[in-house]
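Okay, so here's the structure we're looking at.
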Protein chains: 2
Amino acid sequence: MVIYDISDDRLRYAVASLLRRFGLCRIQRSAFAGVLSGAGRVELEAALRRLLRGRSGYNVQIFLITPGAFEGRVVLSEGYSLGGEGGEDVFV
Amino acid sequence: MVIYDISDDRLRYAVASLLRRFGLCRIQRSAFAGVLSGAGRVELEAALRRLLRGRSGYNVQIFLITPGAFEGRVVLSEGYSLGGEGGEDVFV
């Protein structure tokens, strides 16, 4: 799972796009999750580091959680939509 | 760990304040983490449900992750500050 807080719109979109390319799905406006192999995780972290290099105003956190922890999460949601930010792949 | 996306400012602050009262610390603008007992987790979820009852425009996700998964997270951060939203308790 990756959660991020990025002030620059273009950089934020670029990070979201990168996460999608690695097969992750958006679970909240600034959170993606998905299943990756060990090599995939290494590649993802390297790609994020490349994308963020020389930039500022960001905080990105990568969590390695088990499928059970993910599926067991509690989701409280009402009248929530991701609108233009890629609502199509939300699983909430 | 709790991540949230809440459109209403007052409701968002109320959720952040509730999470703090349960001893969680802000790790990102819309993410808190901390150690809770099983009973504490049940109470936290119940308190969140009460706070959110009848409201709309929110998505709150509660993850039960191990201390190892939390400590092993990768944090990429540069020029990042939480400013007025409680930067004092960020551990990034």
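Numbers for the structure displayed
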quantity: Given charges at beta-carbon only (K, R positive; D, E negative), |dipole| of chain A in Debye; calculated: 400 debye
quantity: Heavy-atom accessible area ranking, 1.4 Å probe, most first, across A:8, B:5; calculated: A:8, B:5
quantity: Estimated [θ] at 222 nm from DSSP helical runs (n ≥ 4, -39500 (n - 2.57)) normalised by residues in chain B, nearest 500; calculated: -11000 deg cm²/dmol
quantity: Fluctuation leader among B:34, B:68, B:23 - chain B, Gaussian network, Cα springs under 10 angstrom; calculated: B:68
quantity: Chain A - percent relative contact order, Cα under 8 Å, separation 6 or more; calculated: 42 percent
quantity: Rg followed by Dmax, in Å, when segment B:2-91 is reduced to its Cα trace; calculated: 13.3, 38
quantity: Peptide B:48-61 - average C-beta neighbours from other chains (10 Å radius); calculated: 4
quantity: Efficiency of FRET from Cβ geometry, residue A:13 and residue A:53, R₀ 22 Å, rounded to 0.05; calculated: 0.80
quantity: Evaluated over segment A:1-48, the Cα radius of gyration and Dmax, each in Å; calculated: 10.2, 30
quantity: Charge dipole of segment A:2-91 about the Cα centre (unit charges at C-beta), most positive-ward option of A:15, A:69, A:47; calculated: A:47
quantity: Total accessible surface hidden between B and A, rounded to 100 Å², 1.4 Å probe; calculated: 3000 Å²
quantity: Debye intensity ratio I(q)/I(0), log10, the protein assembly as shown, q values 0.08, 0.09, 0.11, 0.18 Å⁻¹ (C-alpha model); calculated: -0.24, -0.30, -0.46, -1.35
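The values are calculated or read from the model by the stated rules, or taken from the named source; none is laboratory data. For clarity, every value in this text was computed on a predicted model and none was experimentally measured. Here the Cβ is made from the backbone with ideal geometry for all residues, glycine too, and neighbour counts use every protein chain on show. What goes into the accessible areas is simple: the full protein's heavy atoms, side chains included, and nothing from ligands, DNA or RNA. Shrake-Rupley method; radii C 1.70, N 1.55, O 1.52, S 1.80 Å.
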